[in-house]
Amino acid sequence: MIAELEGAYILHSRPFKDTSLLVDFFTENFGRITLVAKGARQQKKKHNFILQPFVKTNISWQGKSQLKTLTLTEIVVNTIPTKESCNKGQSVTTDRLSGKYLYSGLYANELLTYLLPLDEPNLDIFSLYDDLLTALRCQYDLETSLRMFEFSLLFELGYGIDFNTSTSQEMIEADKEYYYLPEEGFIDTQVANDLLATSCIAFEGRIILDIANHIYERSEVRQVAKAIARKAIGHLTAGKKIKSRELFI
């Protein structure tokens, strides 16, 4: 198989044999793939591969075995918006994230590495990730950007959360409270069993409806949205520890 100039982002890399790297890429048309970057750890060959996270590149690879070889990386025309120019439709060349925006990008990379199956294309998720990186570079509101990404990612993976309807198929009501169970949804506390009452946190319906409408101005909405996202993602990752959360999120 030979693939040429496929749009991609690097998600993760680790040493492979003496001088090479195993690199996880998220590609536009092939999904998450793992390639060998031969000799990438040799000082004299480092210039052959551009292996920076958060930078969109075109990559080429080849090989007949399951583990294929990276043959080329080149940066896509890199006009990335800055915070000052984001609202003006202008852009300048930069590819750096820093501080909490960097940690959030690392979190997104780790999440995609855990949740995306290998070799399954998903252009919608690729676009979501692309949009998140733009939001991080523009330094848009971080909580809103991350929750939008997480909930949209869950939807695209087939685990979307219905923030408008309870498990009994009734509309969420602002003056009621609900428990949340991954893969089930929101359960009215008035009809829930005693086990849920002792093991789950109740969320106000008005807050759930704010999340449904992407209204994150209030701190309590942000806190509940984060709690629900963590619970849903933790269920999918079987409780696997997400290391980048320790940095910031």
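The values are calculated or read from the model by the stated rules, or taken from the named source; none is laboratory data. Because the structure is predicted, anything quoted here is derived from the model rather than measured. Heads up, the Cβs are rebuilt from the backbone with ideal geometry, glycines too, and the neighbour counts pull from every protein chain shown. We work out accessible area using only protein heavy atoms, side chains counted, and drop any ligands, DNA or RNA first. Shrake-Rupley method; radii C 1.70, N 1.55, O 1.52, S 1.80 Å.
Quick look at the numbers
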read-out: Relative contact order computed over the stretch 86-223 (Cα-Cα under 8 Å; 6+ residues apart), in percent; value: 18
read-out: MRE, 222 nm, helices only [DSSP H, n ≥ 4, -39500 (n - 2.57), over the chain, to nearest 500]; value: -10000 deg cm²/dmol
read-out: Answer label for Rg/Rh (Cα atoms, Kirkwood Rh) (calculated), chosen among (i) 0.94; (ii) 0.99; (iii) 1.03; value: (iii)
read-out: Charge dipole of the stretch 104-249 about the Cα centre (unit charges at C-beta), most positive-ward option of Y107, F186, I211; value: Y107
read-out: The chain - Cys residues lacking any other Cys C-beta under 4.7 Å; value: C200
read-out: Exposed-loop-free span, longest in the chain, where GluC sites (Glu not before Pro) count as exposed if DSSP calls them loop and at most 12 other C-beta atoms lie within 10 Å; value: 85-169
read-out: The chain - percent relative contact order, Cα under 8 Å, separation 6 or more; value: 15
read-out: Cut-off under 5 Å, modelled amide H: who pairs with G31 long-range; value: N122
read-out: Square roots of five times the Cα gyration tensor eigenvalues for the stretch 190-231, Å; value: 22, 11, 8
read-out: Most to least accessible of Y179, Y129 (protein chains only, probe 1.4 Å); value: Y179, Y129
read-out: Karplus 3J(HN,Hα) series, Hz, for the stretch 101-111 with 6.51 cos²θ - 1.76 cosθ + 1.60 (x for Gly, Pro); value: 6, 5, 4, 5, x, 5, 4, 4, 4, 5, 4
read-out: Sites D194 and K17 - FRET efficiency at Förster radius 45 Å, r taken between beta-carbons, to 0.05; value: 0.20
read-out: Residues whose placed amide H lies under 5 Å from that of K68, excluding near-sequence neighbours; value: V36
read-out: Listed residues A202, L236, V224: farthest to the positive end of the dipole of the stretch 199-249 (Cβ charges); value: L236
read-out: Prolate/oblate/rounded label for the stretch 112-249 (Cα gyration tensor, a/c 1.5); value: prolate
read-out: With every protein chain in place, the stretch 208-249: carbon and sulfur % of accessible area (1.4 Å); value: 52
read-out: Accessible area in square angstrom per residue, the chain, 1.4 angstrom probe; value: 54
read-out: Distance in nm between pseudo-label sites at E173 and K243 (7 Å out along the Cβ direction from Cα); value: 4.8
read-out: Compactness relative to 2.2 N^0.38 Å, alpha carbon Rg of the stretch 103-150; value: 1.13
read-out: Label zone at L67, where the point sits 7 Å out along the Cα-to-Cβ direction: the stretch 98-139 residues whose backbone N lies under 17 Å; value: 118-119
